[in-house]
1. At a threshold of 8 angstrom on Cα-Cα distance, excluding pairs fewer than six apart, so keeping six or more, what relative contact order does segment 90-144 reach in percent?
2. How many angstrom lie between the Cα centre of segment 2-69 and the Cα centre of segment 100-139?
3. In µm²/s, what is D for the chain at 20 °C and 1.002 mPa s, where D = kT/(6 pi eta Rh) by Stokes-Einstein and Rh is the Kirkwood radius from Cα pairs?
4. Across the chain, where is the longest run that never hits chymotrypsin sites (Phe, Trp or Tyr not before Pro) in a DSSP loop with at most 13 other C-beta atoms within 10 Å?
5. If the viscosity is 1.567 mPa s and the temperature 4 °C, what translational diffusion coefficient in µm²/s does Stokes-Einstein give for segment 90-144 when Rh comes from Kirkwood over Cα pairs?
6. Taking R0 as 25 Å, what's the FRET efficiency between residue 3 and residue 90 from their Cβ-Cβ distance, rounded to 0.05?
7. Specify the longest stretch of the chain that does not include any exposed loop site, a site being one of the GluC sites (Glu not before Pro) with a non-H, G, I, E, B DSSP assignment and at most 14 other Cβ atoms within 10 Å.
8. If each of residue 11 and residue 57 carries a label point 7 Å out from its Cα toward its Cβ, how far apart are those two points in nm?
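Bear in mind that the values in this text are calculations on the coordinates, not laboratory data. Just so we're clear, the structure is a prediction, and the values are computed from it rather than from any experiment. Reconstructed Cβ throughout: ideal geometry from the backbone, glycine too, with neighbour counts over all protein chains shown.
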Amino acid sequence: MEALTELDIISMLKDSGLRVTPQRIAVLSFMDTHRVHSTADEIYLSLKQEFPSLSAATVYNTLRAFMDAGIVKELRNGDHASRFDINTAIHHHFVCDRCGNMTDVELPEIPVERVAREHHFEVLDYHVEIRGICSACNSETMMH
Ligand SMILES: [Zn+2]
Ligand SMILES: [Zn+2]
């Protein structure tokens, strides 16, 4: 996937009716270049050098505004902190039980809508989580 330019990000914010601020541009551009499903804290720690006035609360509020506008998805992650995904299309994840990292994974289409119709269930969202141990954690185990 091609990286978003600053102009792309600005029009993304405007199209979603969001105020354009340097912090908001920075959060979206960080999420776009580091497609690692960061936690709010990770985003905050990575950006606070560039924006010394940035607080963790601002990052949380920013992510909340992005979620309300539908340009970012929250991925709840069991006992780990929620991760945030700039990819809002239906897609699936490998989830590492050891470090909590999430990686996008492509799967064939799942007939969720058809099954939901049969059960008169209104689907709001879904994704498949494939749990396991990521390669980084696995190679750490092998070294010990
Ligand atoms: Zn891991
Ligand atoms: Zn994802």
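1. Numbers: 56 pairs, mean separation 25.6, N = 55.
Relative contact order for segment 90-144 comes out at 47 percent.
2. 25 Å
3. 127 µm²/s
4. Values: sites that count: 121, 126.
Excluding the exposed sites themselves, the longest stretch runs over 1-120.
5. Working: Rh = 13.2 Å.
Rounded, D is 98 µm²/s.
6. Values: r = 22 Å, r/R0 = 0.87.
For R0 = 25 Å, the calculated efficiency reads 0.70.
7. Details: sites that count: 2, 50, 106, 109, 122.
So the longest stretch without any such site is 51-105.
8. 3.6 nm
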